[in-house]
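The values are calculated or read from the model by the stated rules, or taken from the named source; none is laboratory data. Every value quoted in this text rests on a predicted model; they were computed, and no experiment measured them. Methodologically, a virtual Cβ is constructed for each residue, glycine included, from the backbone with ideal geometry; neighbour enumeration extends over all protein chains shown. These area figures cover heavy atoms from the full protein model, side chains too; ligands, DNA and RNA do not enter into them. Shrake-Rupley method; radii C 1.70, N 1.55, O 1.52, S 1.80 Å.
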Amino acid sequence: MSFPSPQPHKVEEITLSHRFAQVRATSIQICQPLETEDYVIQSMPDVSPPKWHLAHTTWFYETFILKPYFKDYREFHPQYSYLFNSYYQNVGPRHSRNHRGLLSRPILEDIFRYREYVDEAILTLLDGDFIEDVADRLVLGLHHEQQHQELLLTDIKHILGSNPLLPTYSHGLPANFFSNSQVELLNDLKWQSFKGGLFRQGSSASANGQKHFIFDNESPVHQTFVNPFQVATRLVTNQEYLAFIEDKGYEQPDLWLDDGWHWIQRHRLAHPLYWHYRDGQWHEFTLYGLQALPLAHPVIHVSFYEADAFARWQGKRLLTESEWELIALQYPLKGQFFEQQQLHPSSIGCNQPEASLEQLFGYAWEWTQSDYAPYPGFKPAEGALGEYNGKFMCNQKVLRGGSLATSETHFRKTYRNFFYPHSQWQFTGIRLAESL
């Protein structure tokens, strides 16, 4: 499988029309391996059917760009706003999220026609004179669609992983990608120390006179103080997490937050999502199908509760998001992102440098111990687009770093992802830390 590969951090060098066409094509290509039946499945409430993702991202451009800014635009279908509005109260009523899998109609062919109709209108709009608000909203829409591309991959994995046949999404498995031959050579965790202190956290939509995209929850820039700490120089591996399981980590209530303990008891959990024990051996379901558990690769699809319990078992803790950003500002932004076209996080190899942080960007989202809350002085925008992030700042945890499903052109060091602490279906991993 081959996805379009835009040049990282050079969005300003290509036209909006080209960028729009590129992002729209990527969503379709992500879905190419699917059968028609796969497009309609909703395997749990957090998962949306692939067909819904393709329609919702189209609805976003239609609702927030074409209707207000394209004179005489006629919407494709009068009920699509109800069917494909996600959570925007200001736009109007919407179909229940939990029931998206019941939408056998409109058929997939209609969704593709909808996308073509809206794409043509957007490109026509961009071909003429348009105001700055259109460009700003289109850039937001492109980043919004890239978020849904990541969700498409994680949702497709959950849909296929919920099928007893465990269908394979991609047959493009890199040679020796899941080899465990190097696992005995992986050294114990190494640590790097940071002095901490005051630093400027967050981002602004303009810097050095140049305008660039950020989500509103990344601002405003503010002073943050961090105490001295040390951090593991790589992510926790499957081998290390397996030791936690074999030490009966899921049976020791003292390791778990109370909510987490009740959660694993209620759902009878004893291992990460997608782990299967067959014929006396652990396996992991991946987008390349079921594989023998790759011991040297990062453990993924763990909840915050599991990450926190593992850290306690190790006598460590998770990073705060401020500590993570302080570290990230000191390293070049490179890693295993979506453009790498590897659909599982790889190991770091055998010869990890003593004082070099690995797997900081891409690979797997890192749970932090920080609650998802507004930065000092944060104010959401007025109207429906103000609902994008701000109203979710309650009862969720911040994740940092991106994953193998995150586009590098979409990611920034200040990017704040957030999920509920029980969430497992994203590409989420663990990095340990310790106060000094």
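Starting from the Cα-Cα distance between Leu257 and His77, subtract it from 0.36 nm times their residue separation and give me the gain in nm to one decimal. Walk me through the intermediate numbers first.
Details: separation 180, 0.36 × 180 = 64.80 nm, distance 4.78 nm.
Taking 0.36 nm per residue and subtracting the Cα distance, the gain is 60.0 nm.
With no solvent and one point per C-alpha, what does the Debye sum give as log10 I(q)/I(0) for the chain at q = 0.11, 0.14 Å⁻¹?
-0.89, -1.45
Multiply the residue separation of Gln223 and Leu123 by 0.36 nm, subtract the distance between their alpha-carbon atoms, and state the gained length in nm to one decimal. It would help to have the intermediate numbers written out before the result.
Details: separation 100, 0.36 × 100 = 36.00 nm, distance 4.17 nm.
Contour length minus Cα-Cα distance gives 31.8 nm.
Select from the range 9-106 those trypsin sites (Lys or Arg not before Pro) which occupy a DSSP coil region and have at most 10 other Cβ atoms within 10 Å, ordered by residue number.
Here the trypsin sites (Lys or Arg not before Pro) that fit, given the DSSP loop and packing criteria, are Lys10, Lys71, Arg74.
Over 25 Å between Cα atoms, which of Lys190/Lys316; Lys248/Lys316; Lys51/Lys379; Lys51/Lys157; Lys195/Lys316; Lys190/Lys413 qualify?
Lys51/Lys379
With the other protein chains left in place, how much accessible area per residue, in square angstrom, belongs to the range 88-214 at a 1.4 angstrom probe?
Values: 6990 Å² over 127 residues.
Per-residue accessible area for the range 88-214 comes out at 55 Å².
Identify, among Val221, Leu173, His158, the residue whose Cα sits farthest towards the positive end of the charge dipole of the range 109-230, taking +1 on the Cβ of Lys and Arg and -1 on the Cβ of Asp and Glu, with the dipole about the Cα centre.
Most positive-ward Cα: Val221.
Find out how many positive minus negative residues lie around Ala232, taking Lys and Arg as positive, Asp and Glu as negative, among other residues whose Cβ is under 9 Å from that of Ala232. Can you show the working numbers first?
Working: positive: Lys190, Arg234, Lys316, Arg431; negative: Glu434.
Charge balance near Ala232 sits at +3.
Rounded to the nearest 20 Debye, what is the dipole magnitude of the range 328-436 about its Cα centre when Lys and Arg each give +1 and Asp and Glu each give -1 at the C-beta?
Values: 9 positive and 9 negative charges, 43 e Å.
So the magnitude is around 200 debye.
Let me see the P(r) profile for the range 334-421: every Cα-Cα distance counted, bins of 5 Å, each bin given as a percent of all pairs.
That works out to 3, 13, 18, 18, 19, 13, 8, 4, 2, 1, 0, in percent per bin.
Classify the range 1-146 from the C-alpha gyration tensor, please: rounded if a/c falls under 1.5, else prolate or oblate depending on whether a/b exceeds b/c.
oblate
Angle between the Cα long axis of helix 16-31 and the longest principal axis of the chain, 0 to 90 degrees, nearest 10?
60 degrees
Is there a quick way to get the dipole size of the chain? I mean about its Cα centre, with the Cβ of Lys and Arg at +1 and of Asp and Glu at -1; what is the value in debye to the nearest 20? Intermediate values should be presented prior to the final figure.
Working: 36 positive and 49 negative charges, 79 e Å.
The dipole of the chain has a size of about 380 debye.
Can you pull the percent of the chain's accessible area that's carbon plus sulfur, 1.4 Å probe, other chains left in place? Walk me through the numbers before you get to the answer.
Values: 9440 of 19310 Å².
Of all accessible area on the chain, carbon and sulfur atoms account for 49 percent.
Counting helices only, and only those DSSP H runs with n ≥ 4, report the 222 nm mean residue ellipticity of the chain as the sum of -39,500 (n - 2.57) divided by its residues, in deg cm²/dmol to the nearest 500. Please report the intermediate quantities before stating the final value.
Numbers: 9 runs with 120 residues, N = 436.
Mean residue ellipticity, 222 nm, calculated: -9000 deg cm²/dmol.
In degrees between 0 and 90, to the nearest 10, how far off the longest principal axis of the chain does helix 304-313 point, with axes built from Cα atoms?
So the helix axis and the longest Cα principal axis differ by about 20 degrees.
Using a 10 angstrom cutoff on alpha carbons, build the Gaussian network for the chain and name the most mobile of His262, His77, His56.
His77
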